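What follows is a set of notes on a single structure, which appears directly below.
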Amino acid sequence: MFTRNCLVVNHLGRVCLALLVTFVVNQAHAGNNQGNLGVHLTPALGQTPNLHIDNIVSPDGLALPDGSGSAAEGKTLYISACASCHGMSGMQPGNEVAGGKGSIGTDSPFKTVGSYWPYATTLYDYIARAMPYDKQKSLTVDETYAITAYVLELNQIIKKDDVMDKHTLPKVVMPNADGFNELN
Amino acid sequence: MTEHVAGNGLLNRRGLLKATGAGLAGGVLMPVMAPVSAAEDWMTTSGAPMDEYGAPSKHARLKRVNIGAHPYGSGAGSSSTPLEKLNGTITPNSLHFERHHSGIPDIDPARHTLTIYGETNKKLQFSYEDLLAYPMETHTYFLECSGNSYSNVIFPEAADKTVGELNGLVSCSEWTGVPLHYLLDEAGLNSNANWIVGEGADAAGLTRSIPMKIATKNVMIALFQNGEPLRPAQGYPMRLFVPGSEGNVSVKWLQNIKVQKTAAYTKDETSKYSDLHVDGKADMFSLEMGVKSLITSPSGKMKLNRKGVYEVSGLAWSGAGGINQVEVSADGGNSWATAALQSEHRNLSLMRFRIPWRWEGQPAVLQSRATDDKGNVQPTRAAALAKYSKSNIYHYNGTQSWQVTQAGVVKNVYA
């Protein structure tokens with residue numbers, strides 16, 4: 001790895017030359033170094049990816065994929081893929097995805113998707129990446145929208161026939177949307 | 001004469017050295033030459049040959065404690081560092097606490113990449129080999145789960161457990177990796193680049209948002225822990241390391257960094273790692289870990305088997321920076337003495353403190369209280385609990401109290 005030795009200008013101001021990599025001077029952070037190695041030069045090795053899918057969904061919903069589903073469609077899917085761990089009505093003790101309505105400001109707050117989560121987009125993002133727990137990332141986009149809709153319906157946030165897609169889901173107003181202080 | 005520096009037996013350090021002869025060892029020992037016939041086996045027979053990857057002595061095998069999993073997901077759980085069994089400040093890699101949401105993935109680094117995209121000039125992808133070619137930094141940092149010490153929050157009666165079982169979701173390592181700002185500079189940040197969102201490649205795809213102010217400070221893509229490549233349980237081949245912040249944001253198995261105008265409001269930063277107040281409002285992105293300390297010896301479930309001088313020793317840390325002072329009390333907080341800080345001053349790292357203490361069978365309550373270099377003082381348990389709603393288990397940094405009974409039994413108490 002001869003290029004590894006060539007990443008810094010040493011304290012005498014000598015620059016090692018490397019043939020294989022392009023160097024970028026990191027002047028903005030030069031004061032942030034450990035020791036006195038001098039100005040850091042970093043190789044620019046980042047490549048343009050061929051295929052890269054953006055799976056991170058934020059409240060603006062911009063990363064939501066095309067597709068749709070309603071709670072009515074989601075019910076059977078939920079029963080076969082989710083109910084074993086979360087209960088038929090989402091209230092499996094110790095693993096609830098529903099319940100706790102109106103409890104957050106009380107003496108015994110009970111945090112669930114419905115009572116606590118500020119954004120409905122989070123539910124889509126999380127089911128798509130992490131559920132069902134025993135078969136992650138196995139649901140299609142339409143199935144994910146439908147199950148998301150069903151969990152929202154279990155929490156009485158939307159109606160059975162409301163269709164969730166990249167336009168409607170970000171507009172769902174969650175009961176505890178105003179319950180958070182942003183930054184300390 | 002030993003010098004008392006606070007009530008109920010706390011001594012100055014010279015006291016320990018003077019007291020050692022009489023108090024600790026019970027008199028000066030005369031050296032005795034062992035007769036050859038009394039030699040142990042290991043003196044007379046050649047030992048084991050060289051070994052590719054060493055293991056601890058079979059007489060000193062330590063284990064993680066408090067291994068617990070979610071009832072509906074065996075990979076969603078945690079294990080804790082046995083703090084009472086360790087000394088110094090570095091946690092051996094095999095004993096670093098764990099917190100996973102869908103188990104530990106077995107990642108082939110040749111098939112793993114890190115992509116930076118979003119509000120950047122360029123979308124960039126890096127292989128593991130690429131990252132190894134960047135300039136790196138090495139720092140000793142603590143890592144603490146924001147749910148650490150939850151037992152002392154949720155149980156109405158103090159749980160009779162060890163310090164590791166109670167507080168072992170904190171560990172400390174020498175971390176080596178590539179400063180994140182090198183890669184962000186290479187990608188070029190747009191004017192909307194206010195947050196980064198890190199995403200893991202594990203089955204949970206754990207995802208957390210971090211304000212750019214923190215992300216460009218001292219965050220690194222960590223590749224080595226205590227000199228060796230990261231362990232799978234710590235994110236092999238690469239993890240985000242966000243020093244001083246709650247452990248969950250140091251996303252393991254890091255595969256994507258999305259640069260955004262806003263936070264992503266992921267499940268883990270809304271459902272889980274947000275701190276509810278009594279008024280029903282919760283803090284989000286309250287990342288900094290508060291100033292905290294613990295006495296690790298004597299500590300829960302230990303027994304003092306002799307009277308005399310003991311070294312009280314423990315750990316202190318702060319997510320705000322360095323530790324300026326640790327005080328110790330042997331009388332439940334009535335009087336305090338300053339302990340010696342026994343590690344080289346380091347920011348955002350565990351610090352070891354020590355102070356001698358004479359125990360003659362008197363009942364005692366041992367406590368420690370740390371002050372960091374920003375002037376933050378560790379709160380009492382009552383003050384720490386008063387900050388949040390009763391149900392909130394995160395960011396608890398109240399005083400840990402150990403009761404010592406006349407029989408020498410050491411026990412967790414709320415004092």
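The values are calculated or read from the model by the stated rules, or taken from the named source; none is laboratory data. Computed from a predicted model, the values in this text were never measured in an experiment. So basically every Cβ, Gly included, is an ideal-geometry build from the backbone, and we count neighbours across all protein chains shown. Ligands, DNA and RNA are stripped out before the accessible areas are found, and what is left, the full protein with its side chains, is counted by its heavy atoms. Shrake-Rupley method; radii C 1.70, N 1.55, O 1.52, S 1.80 Å.
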- What is the spin-label model distance, in nm, from A:Met91 to B:Lys272 if the labels are put 7 Å beyond Cα along the C-beta direction? 2.6
- Note on the structure: extent check for segment B:81-173: Cα max minus min per principal axis, descending, whole Å, gives 55, 29, 25
- Query: Over segment B:304-369, with a single point scatterer placed on each C-alpha, what log10 of the ratio I(q)/I(0) does the Debye formula yield at q = 0.15, 0.24 1/Å?
  - Reply: -0.50, -1.00
- By accessible area with a 1.4 Å probe, ligands and nucleic acids excluded, highest first: order of B:Met284, A:Met91: A:Met91, B:Met284
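Got a sec? What order do B:Thr113, A:Thr42 fall in by accessible area at 1.4 Å, biggest, i.e. largest, first? Intermediate values should be presented prior to the final figure.
Details: B:Thr113 55, A:Thr42 0 Å².
The most accessible residue leads, giving B:Thr113, A:Thr42.
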- Rounded to the nearest 100 Å², what's the accessible area chains A and B bury against each other, both chains counted, probe 1.4 Å? 5000
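Considering only protein heavy atoms, with the full assembly of protein chains and a 1.4 angstrom probe, order A:Cys82, B:Cys172 by accessible area, largest first.
Working: A:Cys82 20, B:Cys172 0 Å².
Heavy-atom accessible area, descending, gives A:Cys82, B:Cys172.
Relative contact order for segment B:121-274: what is it in percent, counting Cα pairs under 8 Å that are at least 6 residues apart? Can you show the working numbers first?
On the way: 286 pairs, mean separation 40.3, N = 154.
So the answer I get is 26 percent.
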- Task: Using every Cα-Cα pair within segment B:292-413, state what percent have a distance larger than 20 Å.
- Result: 42
- Query: Taking Cα centroids, how far is segment B:213-231 from segment B:50-108 in Å?
  - Reply: 19
- Using just the helices of the protein assembly as shown, give the 222 nm mean residue ellipticity in deg cm²/dmol: DSSP H runs with n ≥ 4 each add -39,500 (n - 2.57), and the total is spread over all residues, rounded to 500. -3500 deg cm²/dmol
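When N is the residue count of segment A:78-141, what does its C-alpha Rg come to as a fraction of 2.2 N^0.38 Å? Please report the intermediate quantities before stating the final value.
Details: Rg = 12.7 Å, N = 64, 2.2 N^0.38 = 10.7 Å.
After normalising by residue count via 2.2 N^0.38 Å, the value is 1.18.
Quick one: dipole size for segment B:231-368, taken about the Cα centre, charges +1 on Lys/Arg Cβ and -1 on Asp/Glu Cβ, in debye to the nearest 20.
Its charge dipole is roughly 580 debye.
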- Per residue, how much accessible area does chain B have with a 1.4 Å probe, in Å²? 41
- Among B:Thr262, B:Thr338, B:Thr89, which one shows the biggest mean-square fluctuation in a GNM of chain B, springs joining Cα atoms closer than 10 Å? B:Thr262
- Item | Solvent-accessible surface (1.4 angstrom probe) belonging to B:Arg354, in square angstrom, nearest 10 | 40
- Which aspartates and glutamates does A:Lys137 reach when only Cα atoms under 20 Å apart count, and residues fewer than 8 places away in its own chain are ignored? A:Asp54, A:Asp66, A:Glu73, A:Asp125, A:Asp165, B:Asp106, B:Asp108, B:Glu199, B:Asp202, B:Asp268
- Message: To the nearest 20 Debye, how big is the dipole of the protein assembly as shown about its Cα centre, given +1 on the beta carbon of each Lys and Arg and -1 on that of each Asp and Glu?
- Response: 1320
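Which of the residue pairs A:Lys135/B:Lys390; A:Lys111/A:Lys159; B:Lys281/B:Lys387 have a Cα-Cα distance greater than 24 Å in the structure shown?
Working: A:Lys135/B:Lys390 35 Å; A:Lys111/A:Lys159 22 Å; B:Lys281/B:Lys387 12 Å.
Beyond 24 Å between Cα atoms: A:Lys135/B:Lys390.
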- Query: Sorted by mean Cβ packing within 10 Å, highest first, what order do the peptides B:193-201, B:405-413 take?
  - Reply: B:193-201, B:405-413
- Take the eigenvalues of the Cα gyration tensor for the protein assembly as shown, scale each by 5, and report the square roots as semi-axes in whole Å, largest first. 45, 33, 23
- Where is the GNM fluctuation largest for chain B (alpha-carbon springs, 10 angstrom cutoff): B:Gly300, B:Gly314, B:Gly73? B:Gly73
- Query: Of the accessible area of segment B:363-415, with the probe set at 1.4 angstrom, what percent is carbon plus sulfur?
  - Reply: 57
- Task: Using only alpha carbon positions, build the gyration tensor of chain B, then give the equivalent ellipsoid semi-axes as the square roots of 5 times its eigenvalues, largest first, whole angstrom.
- Result: 40, 28, 19
- Query: How compact and how long is segment B:259-318, expressed as Rg and Dmax of its alpha-carbon atoms in Å?
  - Reply: 20.0, 62
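What's the long-distance tail for segment B:109-283, i.e. % of Cα pairs beyond 29 Å?
Numbers: 3523 of 15225 pairs.
Above the 29 Å cut-off, segment B:109-283 has 23 percent of its Cα pairs.
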- Message: Net charge around B:His96, counting only other residues with Cβ within less than 10 Å of its Cβ (Lys, Arg = +1; Asp, Glu = -1)?
- Response: +1
- Query: To the nearest Å, what is the center-to-center distance of segment A:107-184 and segment B:116-134, using C-alpha atoms only?
  - Reply: 32
- Item | For A:Ile104, solvent-accessible area (1.4 Å; no DNA, RNA or ligand), Å² | 10
- Note on the structure: The percentage of the accessible area of segment A:56-126 (probe 1.4 Å, all protein chains present) made up of carbon and sulfur atoms, to the nearest whole number, is 57
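Given Cα pairs under 8 Å that are at least 6 residues apart, what percent is the relative contact order of segment B:292-413?
Over segment B:292-413, the number comes to 32 percent.
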- Checking B:Ala110, B:Ala48, B:Ala386 against a Gaussian network model of chain B (alpha-carbon springs below 10 Å), the top fluctuating residue turns out to be B:Ala48
- Item | Cα lying deepest toward the dipole's positive end in segment B:280-415, options B:Tyr388, B:Met284, B:Leu348, charges on Cβ | B:Tyr388
- State the extension gain, in nm to one decimal, for the chain segment bounded by B:Thr44 and B:Ser391, taking 0.36 nm per residue of separation less the distance between their alpha-carbons. 118.8 nm
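Suppose the chain between B:Thr262 and B:Gln325 were pulled fully straight at 0.36 nm per residue; how much longer would it get relative to their current alpha carbon spacing?
Values: separation 63, 0.36 × 63 = 22.68 nm, distance 3.79 nm.
Separation in residues times 0.36 nm, less the Cα-Cα distance, equals 18.9 nm.
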